[in-house]
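Please treat every number below as a calculation from the coordinates, not as lab data. Treat the numbers as computed from the prediction; the structure is a model and nothing was measured. Cβ: placed from backbone, ideal geometry, glycine included. Neighbour counts: every protein chain shown.
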Amino acid sequence: MQDAGLTPRLALHDISKRFQSVVANDGISFSVEPGQVHALLGENGAGKSTLVKIIYGVLEADEGRILWDGRPVTISSPRRARELGIGMVFQHFSLFEAMTVLENIALGIDGTPDLKELADRIVAISRKYGLPLDPAREIHTLSVGERQRVEIVRCLLQNPKLLIMDEPTSVLTPQEVGRLFVTLRQLSDEGCSILYISHKLQEIKELCHHATVLRGGKVVGECDPAVETARGMAQLMIGAELKQLVRRVGTTSQEPRLTVANLKLRSDDPFGVDLTNISFEGGAGEIFGIAGVAGNGQNELTEALAGEVTLHTPTTILLDGKPIAHLNAEQRRQQGLCSVPEERNGHASVGEMTLAENTLLTARNRLGLARQGIIQRRHARGFAKRIIENFGVKASGPLALAATLSGGNLQKFIVGREVLQNPEVLIIAQPTWGVDAGAAAAIHQALFKLAQSGAAIVVVSQDLDELLVITDRLAVINQGRLSAAVTTAEASIDQIGLLMGGLHGMDHDKPAEGAHHAV
Amino acid sequence: MPFKMEPRQEVSRTVVYATPVLAVLLTVISGYFLFLCLGLSPATTLYHFLISPTLTFYGWSELCVKAGPLVLIATGLAIGFRANVWNIGAEGQLTFGAIGAGGIALAFWNESGLWILPLMCLAGILGGMIYGAIPALLKTRFGVSEILTSLMLTYVSTLGLGILVYGPWRDPQGFNFPQTRMFTDSSLLPLILDGTRMHVGILVTLAISLAAWILMTRTIAGFQVKVVGEAPAAARFAGFSRNRTIWMSFLVSGAGAGLAGTFEAAGPVGQLVPHLTPGYGFTAIIVAFLGRLHPIGIIVAGFLMAISYNGGEIAQVEDRLPQAATGVFQGMLLFYLLACDFLSRYRLRRISARREVTPS
């Protein structure tokens, strides 16, 4: 694929990396040309993160060679990577909330920069690439999209020749995504290569010049995304025919199963979001979506609905007419309300415990996995086994430690654990966050089936495409307020996108940029 | 700084169990040089220190007497440590438990009956629990660090015991020595074997170890403790209350320490004296970690500590080893244990100074 006479910016030759028994990367070779936007596609556990960490010097490869501008290099640390001209924007930002943009960027730069000069450079770069940023603002006042800009500008200050972006659009509104693409294309035109990791095939088609597909730690295919169909790429990625998701026909419900009325909650966290007068209903058989850009109160709302935070007025939340707002998470589960928090590790599961033990977190009372405080180990193992089988979880068995599962498999296990309890109401946050297409389809199918059995499901997600596919009705959360619900089939993506980003900044003196440049 | 610590990718189970063994080995090696520096014959001293205590049956019975309270306290502490509740004040809870038990023994000094001993145990347990409840209350109500409160309360209870044995509880026939009357037979623990000092408290301790093991592996309460310790957010999600876990940890570890205090007062000591133990409550912290917070591991660790106590005494007599050397020896053990533990989870990596582009 290498043009004659053109030296690739980055070339990987037979990169392998093992973690004890697991082979994360197995003889991976590909190259990125100068100015190329190169997509790295693959399921969770396909080895994308490991590979990217090797390129960025976080991990060391066991075997293989890396060529940088044609010369062999050893990238021993991220610092070395930056010296070579490699920048990386991580999926999860590493910014200090209480510090300013300038301070955060200064901290991430090797050596001690002159702050005044740095501020000027930040402004200059942000102007040049259409990434408006005020160096003096504190991080906690920024929207997620603006925070990402901080990370990107931080990379651009080092004049990178290769920019690695890990799932950059998962936290952005559709309008912000459009603006990001403009920036990335500009960088590409100037000769900066971009390694773009995403599971959103449509975006890859739109943006990328070339795609390398990984599966099981190996390169299984290369393609030109402009030519290849999204469906074809997905099949390459999961190595099987993709099951067609059937768009559900909205079921009309008479009796609401879940009623939330005027939910108000002050956040304990100084950077948290206060919830204001949130009201909505979820009917039997209905999947209700809550869209919104990250950091607008989703975590607070999910915790309040799940019972991790209890409220004073019991009638704020009604489950089949019963007041439950004063009950804790386990008491609500016993009434029939199950939940899946956004964070898989350490919240929905305990990594250092076995899958069987992890079933006890939520199913110990509902399924009798413990009686009179004594753990019924056979039952717990049996239930874990049932989840593994029904949801196709790749794990060595019920006694596998949760930490040994890949993200997608762990998510399938967690969703399976709740769905197989047949709850009356299920609250689920980010059901397919960072999950591969195959697992996402399995999770969506499970949610459909649960809804068909008469449960009400509330999905809180930042993935608008997902909500448009699976929900019957949806509302948008913005700065702790919930918009009126719209029927999904009648909603337009622009309208929702504007609700997500557009209202943001109405009560700010400094409006977010996305709002004004939108549409 | 040419070095930095970075977390290891994975920690194997073998390493987890090998670190205590390695720590003991390193302690022995360092002990060798310590004794050498003190001008002693290191081999002989180490022999007296580590081997002599285990050579006779009586030696073993004495190890049981020493290991008993250490294991009992450490078993209780380990439950709290699993939940990241740091009760450092077991010595104080032990003392307060002994005060409770001793109070009963002295109050019924003129009476005899099988009910006295169980009542003393109950008073000892309650004493330990009440004393453990203070840091628990301060932690759950006001967020005060339990490490500080539990540690400082130790001195309060030791001084409290002092007031009692120097004052109102002093033996009227005791020639003004700061000690209470000797307990009567009704308030002394029966011996398992005549000619030794092994008392039934040791059997009770074994039963409690077994109970703790069942609690931690088979019950929701034990599961709750582990979840709260490992993943606080998951605990909230599971509906486990953090405060309740803190309370449970302090009450259980306080009860264990209080009972150990009772066993000391009603066992080998037989009365209340100003300093009831050679710091069992603190040594038990080492025992708990040396035993990997596992009830069975704690029993092994308890015996190891007992050897260092008894061996230290033998070495003091035979080789004129200073008493402080025993403390140094135990301190080294804890130091190496923590160091090995840390290094099993992190590794020291040399940061290469600006390596130029090199062919790989």
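General observations
- Order of A:Phe413, B:Phe81 under a 10 Å beta carbon neighbour criterion, fewest first: B:Phe81, A:Phe413
- Helical runs assigned H by DSSP (4 residues or longer) give chain B a calculated mean residue ellipticity at 222 nm of -23000 deg cm²/dmol, each run adding -39500 (n - 2.57) before division by the residue total.
- Note on chain B: GNM, Cα springs under 10 Å; of B:Ala18, B:Ala105, B:Ala260, the largest mean-square fluctuation is that of B:Ala18.
- Exposed trypsin sites (Lys or Arg not before Pro) absent - longest run of chain B, DSSP non-H/G/I/E/B, at most 14 other C-beta within 10 Å: B:9-319
- In terms of surrounding Cβ atoms within a 10 Å radius of their Cβ, A:Phe96, B:Phe250, B:Phe142, B:Phe237 rank from fewest to most as B:Phe142, A:Phe96, B:Phe237, B:Phe250.
- Rounded Å value of the spacing that divides the Cα centres of the range A:280-344 and the range A:69-115: 40
- Result for chain B in a Gaussian network model with C-alpha springs under 10 Å: among B:Thr27, B:Thr217, B:Thr45, the largest mean-square fluctuation is at B:Thr217.
- For the segment A:339-347, counting C-beta atoms of other chains within 10 Å of every residue's C-beta and taking the mean gives 3.
- The range B:20-139 - percent relative contact order, Cα under 8 Å, separation 6 or more: 17
- Spatial separation of Cα centroids for the range A:430-485 and the range A:360-418, in angstrom: 23
- Restraint check, A:Lys322/B:Lys226; B:Lys139/B:Lys226; A:Lys394/B:Lys4; A:Lys200/A:Lys412, Cα-Cα greater than 29 Å: A:Lys322/B:Lys226; A:Lys394/B:Lys4
- Pairwise centroid distance, computed over Cα atoms, of the range B:43-101 with the range A:165-190, Å: 63
- Positive contributions from Lys and Arg (+1) and negative ones from Asp and Glu (-1), summed over other residues with Cβ under 13 Å from the Cβ of A:Ala304, come out at -1.
- Residue order for A:Thr276, A:Thr487, fewest other beta carbons within 10 angstrom first, comes to A:Thr487, A:Thr276.
- Computed from the Cβ-Cβ distance with R0 of 51 Å, the FRET efficiency linking A:Ser94 to A:Asn262 stands at 0.85.
- Computed over chain A, relative contact order equals 15 percent, with contacts defined as Cα pairs under 8 Å that lie 6+ residues apart.
- 11 Å beta-carbon shell around A:Leu118, net charge (K/R +1, D/E -1): -1
- Placing a pseudo-label 7 Å from each Cα along the Cα-to-Cβ vector at A:Ala403 and A:Gln334 gives an inter-label distance of 3.2 nm.
- With contributions of -39500 (n - 2.57) from each DSSP H run of at least four residues, the per-residue ellipticity at 222 nm computed over chain A stands at -9500 deg cm²/dmol.
- Inter-chain shielding of B:234-246 (mean C-beta neighbours from other protein chains, 10 Å cut-off): 6
- Of all the options B:Tyr309, B:Tyr336, B:Tyr47, the one that moves most in a Gaussian network model of chain B with Cα springs shorter than 10 angstrom is B:Tyr47.
- Relative contact order for the range A:256-517, counting Cα pairs under 8 Å that sit 6 or more residues apart, in percent: 25
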